[in-house]
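Novice: Mind having a look at this structure? Questions to follow.
The values are calculated or read from the model by the stated rules, or taken from the named source; none is laboratory data. Fair warning: this is a prediction, and the values are worked out from it, not measured in the lab. Heads up, the Cβs are rebuilt from the backbone with ideal geometry, glycines too, and the neighbour counts pull from every protein chain shown.
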There are 2 protein chains.
Amino acid sequence: MKPVTDFKEEAIKKHKELRGKVAVELKDIPDSRDKLSIYYTPGVAAVSDRIAKHPEEARDYTWLGNSVAVISDGSAVLGLGNIGPQASLPVMEGKCMLFKHFANIDAVPIVLNVHSADEIVAAVKAIAPSFGGINLEDIAAPICFEVEDRLAQELSIPVMHDDQHGTAIVVLAGLINAAKLVGKQLNDCKIVISGAGAAGAATAKLLHKYAKPRMFVVDSKGIISPDRKDLNNEKRQLLRYTNLSGVEGSLDDIIKGADIFIGVSRPKLLTVDMVRSMDKDPIIFAMANPIPEIMPDEAKAAGAAIIATGRSDFPNQVNNALAFPGIFRGALDHNIRQITDEHKIAAAEAIASLVTDPSVDKIIPGLDDERLVPSIAKVIE
Amino acid sequence: MKPVTDFKEEAIKKHKELRGKVAVELKDIPDSRDKLSIYYTPGVAAVSDRIAKHPEEARDYTWLGNSVAVISDGSAVLGLGNIGPQASLPVMEGKCMLFKHFANIDAVPIVLNVHSADEIVAAVKAIAPSFGGINLEDIAAPICFEVEDRLAQELSIPVMHDDQHGTAIVVLAGLINAAKLVGKQLNDCKIVISGAGAAGAATAKLLHKYAKPRMFVVDSKGIISPDRKDLNNEKRQLLRYTNLSGVEGSLDDIIKGADIFIGVSRPKLLTVDMVRSMDKDPIIFAMANPIPEIMPDEAKAAGAAIIATGRSDFPNQVNNALAFPGIFRGALDHNIRQITDEHKIAAAEAIASLVTDPSVDKIIPGLDDERLVPSIAKVIE
């Protein structure tokens, strides 16, 4: 398998050759005057008139039942940070590619030239009648939280910020099987999450909802604790279900005796000594990309029972693409208006259940598992 | 040929069967781990990074060089009026179908849940980095004028409100050949335009730019004249190049002695007596849809030399689809930032020139003329 750095040149070459990755396809070719009259004027007026009179039928006569907007302002793109809307377009086209390939969903890349929560919410609400669902992507924390909350409340179509919930769902799926393998109960575990951005916060929230484990979140300043004066509102919210004992300190301190480490933070943050200080059979999800918080071989040498990363060239790849295609497939097919915590947990359980015989090198299914989308879609209802 | 009313049932049936008309297509299928790494993470990061450093190359690596948003707020849809965004979606999908079929442009239907000029401009500007061009559609006058003007000024991609300029361009193309046929010069003609909405205003403006004929615009209250107190700003602007003599009155009055009637107004507005009162060999463009200002047989019986309508079941169909695919094809291919009056005139001349031997039943090419898009695209540079 190639080292990940090798894909750079090929990526540049293929993107230039194809001039992007997505295009528009017609469901029928209007190659006769009659077809033009059926699909455009005058025939189409009858269809518009019908929807005007029966708005609930819009999904039956348009692409609304199968379309999703992949929306970003380009403020938190992969490892690149705030590169702006147009530079983020290749990533959004890529996401649309995954939507189509894995779930046959017609996804359109929309990159926004506005960056405040108010402006993003206004722009997305303005274009929302064009789509059956909204996938928010690569929007920086903490704005992403407010944007998603408001849109989910104010729109009647499903809205999901994938950086938050896609990661949280796949992490939960992996932890369900990992805990089983080492003979622990998640609700008995001490879990340390490194990273309090979109993915870290959503993972903490979903794990709390699922199992109420003892949890601690660590950011670049240390453990998120009640005495800290530098916490924004979103980090303060985390204290409702993490660090209930109110301890202060660093990752170095809090990792001692932990059963599970979840890294959505920075390369090489987790040292061999830290892994050694964890409880018996530690579970390590080191998902910084492309360089994880600790390399799998180091973690194993230090005693890790199970290690997962975000990379495709190691076992146990935690990849959002395991979750979001099935979630939106189900949401569109069942005309779901909101993706709830219960949906997310059901999706995680569906993903976990596809690994019938978990092993340390196989706690989550591969992206090529064709049961993924139908299994998840079935429970998003 | 079928009467136009017959397409209603078939339109409902086909739209329901296909669930809309457009879908997303992938330029390559990501069916291997390597392809996923090239098109998505980690490879795509190199592409985004490159665009961040060289913004001018965005068109080379994304769909920007071939994509257009077809945008409406659903406030002035066909003959249906203000039916709102979602009911207008079938029309916008239809427009996207024409873009793809005639010009191989990837057009995406975007319907807006906002209706003031400020809100529409803000929404379109917010999403503009996602597309290579903006086709505004079915937005009510007078808001459409302000929206187009501001977007054209503030964005660096081509913006065109097709209801205005598509119609104006094809009317001019038709008039070029019609005038030749009856042996008149357009700059010597008296032209009466019935309808002061988007299409009427743009037609007056383009005809003035092209030939400075003697023109009068009539709305439902009568001739647009300096003494009228009920004129909005846009109608007042028309007085800069129409009705320079400042006459008042009705269509009935002003049609006397006219060489050309251009109707973008209401069914059956033009009577046989009015046609009889026109100059020798009157030219009638009666484009109200589906029922024109006067039926072709009546107009001919009353002495019309040439008659054009908006309908496909009569000769000389004035159809915007003759113009907009080629205009956007040229604008995208030549990376044009603004579609100017000179472009519109060049497009009209290109369309007119395709009819090498004009006759009363053939002053404009048919939609099936494959020379249209390349001929127009060539002059939009």
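Novice: If I ask for residues that are surrounded by 16 or more Cβ atoms within 10 Å (Cβ to Cβ) and closer than 18 Å to residue A:199 by Cβ, which ones from segment A:232-242 would you list?
Specialist: Correct list: A:234, A:235, A:237, A:238, A:241, A:242.
Novice: All but one of (1) buried (at least 16 other Cβ atoms within 10 Å of the Cβ); (2) part of a loop (DSSP other than H, G, I, E, B) hold for residue A:308, so report the exception by its number.
Specialist: (2)
Novice: Follow-up question, since we're still on this one. Within segment B:12-23, can one find any residue that is within 19 Å of residue A:93 (Cα to Cα), of a type outside the set (Lys, Arg) and either touching a strand residue (DSSP E or B) at 6+ places or on another chain (Cβ under 8 Å) or assigned to a helix (DSSP H, G or I) (or both)?
Specialist: There is at least one residue in segment B:12-23 that is within 19 Å of residue A:93 (Cα to Cα), of a type outside the set (Lys, Arg) and either touching a strand residue (DSSP E or B) at 6+ places or on another chain (Cβ under 8 Å) or assigned to a helix (DSSP H, G or I) (or both).
Novice: Mind listing whichever residues of segment B:79-100 are within 17 Å of the chain's Cα centre (by Cα), within 7 Å of chain A (Cβ to nearest Cβ) and of a type outside the set (S, T, N, Q)?
Specialist: The answer is B:79, B:91, B:93, B:94, B:96, B:97, B:98, B:100.
Novice: Where residues in segment B:56-78 are of a type in the set (Gly, Ala, Ser) and more than 7 Å from every other protein chain (Cβ to nearest Cβ), which of them is nearest to residue B:27 (Cα to Cα)?
Specialist: B:67
Novice: Any chance you could count how many residues in segment A:5-18 are facing chain B (nearest Cβ under 7 Å) and either in contact (Cβ under 8 Å) with a residue 40 or more places away in the chain or surrounded by fewer than 17 Cβ atoms within 10 Å (Cβ to Cβ) (or both)?
Specialist: 2
Novice: Sticking with this structure for a sec: If I ask for residues that are more than 7 Å from every other protein chain (Cβ to nearest Cβ) and not basic (Lys, Arg), which ones from segment A:37-55 would you list?
Specialist: A:54
Novice: Still on this model: For segment B:332-368, which residues satisfy the criterion of being part of a loop (DSSP other than H, G, I, E, B) and free of Cβ contacts under 8 Å to residues at least 40 places away in the same chain?
Specialist: Once the filter is applied, which keeps residues that are part of a loop (DSSP other than H, G, I, E, B) and free of Cβ contacts under 8 Å to residues at least 40 places away in the same chain, segment B:332-368 yields B:340, B:354, B:356, B:357, B:368.
Novice: Any chance you could count how many residues in segment B:334-345 are crowded, with 18+ Cβ neighbours inside 10 Å and of a type in the set (D, E, K, R)?
Specialist: Residues meeting the conditions: 1.
Novice: Also, quick follow-up: Can we say residue B:265 is of a type in the set (Gly, Ala, Ser) and over 20 Å from the mean Cα position of the chain (by Cα)?
Specialist: no
Novice: Got at least one residue in segment B:283-296 being part of a helix (DSSP H, G or I), buried (at least 23 other Cβ atoms within 10 Å of the Cβ) and either modelled with pLDDT under 95 or at negative phi (or both)?
Specialist: Within segment B:283-296, not a single residue is part of a helix (DSSP H, G or I), buried (at least 23 other Cβ atoms within 10 Å of the Cβ) and either modelled with pLDDT under 95 or at negative phi (or both).
Novice: Say whether the condition of being over 23 Å from residue A:94 (Cα atoms), buried (at least 24 other Cβ atoms within 10 Å of the Cβ) and more than 8 Å from chain A (Cβ to nearest Cβ) is met by at least one residue in segment B:101-115.
Specialist: Checking segment B:101-115: at least one residue is over 23 Å from residue A:94 (Cα atoms), buried (at least 24 other Cβ atoms within 10 Å of the Cβ) and more than 8 Å from chain A (Cβ to nearest Cβ).
Novice: Take the residues in segment A:19-36 that are among the basic types (Lys, Arg) and more than 22 Å from residue A:68 (Cα to Cα), then tell me which one is nearest to the other protein chains (Cβ to nearest Cβ).
Specialist: A:33
Novice: Taking segment A:118-160, which residues are without any contact (Cβ under 8 Å) to a residue 40 or more places away in the chain, in contact with an Asp or Glu (Cβ under 7 Å, 6 or more places away or on another chain) and over 21 Å from residue B:120 (Cβ atoms)?
Specialist: Correct list: empty.
Novice: With the structure loaded, tell me whether residue A:138 is at pLDDT 95 or above, crowded, with 24+ Cβ neighbours inside 10 Å, of a type in the set (D, E, K, R) and over 30 Å from residue A:357 (Cα atoms) or whether it fails that test.
Specialist: Criteria met by residue A:138.
Novice: Identify, please: which residue in segment B:206-231 is part of a loop (DSSP other than H, G, I, E, B) and aliphatic (A, V, I, L, M) and is, among those, surrounded by the fewest Cβ atoms within 10 Å (Cβ to Cβ)?
Specialist: Residue satisfying both the conditions and the ranking: B:231.
Novice: When you look at residue B:60, is it in contact with a His (Cβ under 9 Å, 6 or more places away or on another chain) and assigned to a helix (DSSP H, G or I), yes or no?
Specialist: yes
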